[in-house]
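K.L.:
Okay, here's the structure, questions in a sec.
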Amino acid sequence: MRLSLEERRGLRQQVERVLHVPGNYTGGILEMALVVDCRLSETEVKETAAELAKLLKQQSPVFRNVRLNLVEWRPDEKLKSRVTPMSMLMLGSFAEDYRRSTGDLSADDLFSYLKLFQARSKLILVLSAGDVKIRREALCRDACRPFLGRKLIWLAQGEEPVMNGFLRAERWCCLELKGCGKES
């Protein structure tokens, strides 16, 4: 998947916004998280992750030495996290044991998990296949406050009206990737 020039520009602007949030961690090794919706195909995940890693490394020297937590988000399963080098994202070798899932995902579980286990991350990218439900909006809002929502960039495959509405109402970032999900 190739990001269009407009999508790359929008993503760069949002990453800069997140990196300069007042109160965001600035010392030592940067920690970030990439959440992968496992309803995406292996090809989509590999290509998109490689494109994101390349974009981040080009954008700022901050991303030269980063601790990347790769979080696998599956329907009706516990979220799994593992530390993955950024170079493995660029090569696509991080997804050797990747398996595609089907079903409905809820943002409630994800936001609660991120608040508990990824709160130290300076940047959180969520790569979503779309059609994510919100069961309890108040729980999601509480989990994203005060800091998580300002560190989060939601990258949606196509349109995602429920998450778009929720994130934009809170002035958080949701980018729609038009090129994502078009397998040939």
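K.L.:
Using a 1.4 angstrom probe and counting only protein chains, how large is the accessible area of W154 in Å², to 10?
P.N.:
Here the residue's solvent-accessible area equals roughly 0 Å².
K.L.:
Hey, what's the stretch 96-140 come to in accessible area per residue, 1.4 Å probe, Å²?
P.N.:
Averaged over the residues of the stretch 96-140, the accessible area is 52 Å².
K.L.:
For A33, enumerate residues with amide H under 5 Å from its amide H, sequence gap 5+ or separate chain, H modeled in the peptide plane.
P.N.:
It is N69, L123, I124, L125, by chain and number.
K.L.:
Between L116 and L91, what FRET efficiency comes out of the Förster formula 1/(1 + (r/R0)^6) with R0 = 35 Å and r the beta carbon distance, rounded to 0.05?
P.N.:
Step by step, r from the Cβ atoms, then E = 0.70.
K.L.:
Measure of size requested: the Rg and Dmax of the stretch 1-87, with Cα atoms as the atom set and Å as the unit; please supply both.
P.N.:
13.8, 38
K.L.:
Through the Karplus equation 6.51 cos²θ - 1.76 cosθ + 1.60, θ set to phi - 60°, convert the phi angles of the stretch 80-92 into ³J(HN,Hα) values in whole Hz; use x for Gly and Pro.
P.N.:
10, 10, 8, 7, 10, x, 4, 5, 5, 5, 5, 8, x
K.L.:
Would you mind classifying the stretch 32-71 by shape? Square roots of the alpha carbon gyration tensor eigenvalues, ordered a ≥ b ≥ c; an a/c under 1.5 is rounded, otherwise it is prolate if a/b is larger than b/c and oblate if not.
P.N.:
Oblate.
K.L.:
Packing-wise, with mean Cβ within 10 Å as the measure, how do 57-69, 118-130 rank, highest first?
P.N.:
With the highest mean Cβ count within 10 Å placed first, the list reads 118-130, 57-69.
K.L.:
Counting Lys and Arg as +1 and Asp and Glu as -1, what is the net charge of the other residues whose Cβ lies under 14 Å from the Cβ of F117?
P.N.:
+4
K.L.:
Here is a further query. Could you tell me what fraction of 2.2 N^0.38 Å the Cα radius of gyration of the stretch 110-166 comes to, as a two-decimal ratio?
P.N.:
Computed over Cα atoms of the stretch 110-166, the ratio equals 1.08.
K.L.:
Please give the peptides 136-148, 34-46 ranked by average Cβ packing (other Cβ atoms within 10 Å per residue), highest first, as a rough proxy for protection.
P.N.:
In decreasing order of mean packing, 136-148, 34-46 become 34-46, 136-148.
The values are calculated or read from the model by the stated rules, or taken from the named source; none is laboratory data. Note that the structure is predicted; figures quoted are calculated from it, not measured. Neighbour counts are summed over all protein chains in view; Cβ atoms, including those assigned to glycine, are modelled from backbone coordinates with ideal geometry. For the accessible areas, the whole protein counts, side chains as well, though only heavy atoms, and no ligand, DNA or RNA atoms are used. Shrake-Rupley method; radii C 1.70, N 1.55, O 1.52, S 1.80 Å.
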